[in-house]
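Shown next, in structure tokens, is the structure this report addresses.
The values are calculated or read from the model by the stated rules, or taken from the named source; none is laboratory data. Since the structure is predicted, the reported quantities are computational estimates derived from the model, not experimental observations. Cβ sites come from the backbone with ideal geometry, for glycine too, and all protein chains shown count toward neighbours. Side chains included, ligands, DNA and RNA excluded: accessible areas come from the protein's heavy atoms. Shrake-Rupley method; radii C 1.70, N 1.55, O 1.52, S 1.80 Å.
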Amino acid sequence: IDFDLILENVKDLNSLVGEGISQIEHTPRGARLRRPEPLPLTLYRNGIVVGNGAFRPYQHPSAQQCLQDILDGYFPSELQPRYPDGV
């Protein structure tokens, strides 16, 4: 597993979705700026954890798909339904 490429691609994906840029959140009394909460990706020697999810060994098909999406430069497909604009 090329961890350097994974980290580089995660940084690129973060910049595409506007990491660190505040968004307008409408409130009953107007609006305010809010920074989106990041979704952590934790890489271990033997597996990954996405967000508050379960540990998945690298041999697990869903972990392989997630990492392959990132290595290919895409937002992980497992996150697209929940975060259509990225996270």
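So which residues in the range 36-47 are under 15 Å from residue 83 (Cα atoms) and not hydrophobic (A, V, I, L, M, F, W, C)?
Answer for the range 36-47, where residues must be under 15 Å from residue 83 (Cα atoms) and not hydrophobic (A, V, I, L, M, F, W, C): 36, 37, 38, 40.
Do you know which of the residues in the range 3-24 that are at pLDDT below 85 and either farther than 25 Å from residue 67 by Cα or among the polar types (S, T, N, Q) (or both) is most open to solvent (accessible area, probe 1.4 Å)?
24
List every residue pair whose Cβ atoms sit under 8 Å apart, with the two residues 6 or more apart in sequence or on different chains, where the first one lies in the range 24-49 and is part of a strand (DSSP E or B) and the second, anywhere, is of a type in the set (Lys, Arg).
Hits for this filter: 24/32; 24/34; 25/32; 25/34; 47/56; 48/56; 49/56.
Right, residue 76: under 15 Å from the mean Cα position of the chain (by Cα) and closer than 15 Å to residue 17 by Cβ or not?
Against the criterion (under 15 Å from the mean Cα position of the chain (by Cα) and closer than 15 Å to residue 17 by Cβ), residue 76 qualifies.
Of all residues in the range 25-50, how many are within 16 Å of residue 10 (Cα to Cα) and loosely packed, with under 14 Cβ neighbours inside 10 Å?
Residues in the range 25-50 being within 16 Å of residue 10 (Cα to Cα) and loosely packed, with under 14 Cβ neighbours inside 10 Å: 5 in total.
Would you tally the residues in the range 51-71 being surrounded by fewer than 17 Cβ atoms within 10 Å (Cβ to Cβ) and touching a residue at least 60 places away in the same chain (Cβ under 8 Å)?
Going through the range 51-71 one residue at a time, the tally reaches 1.
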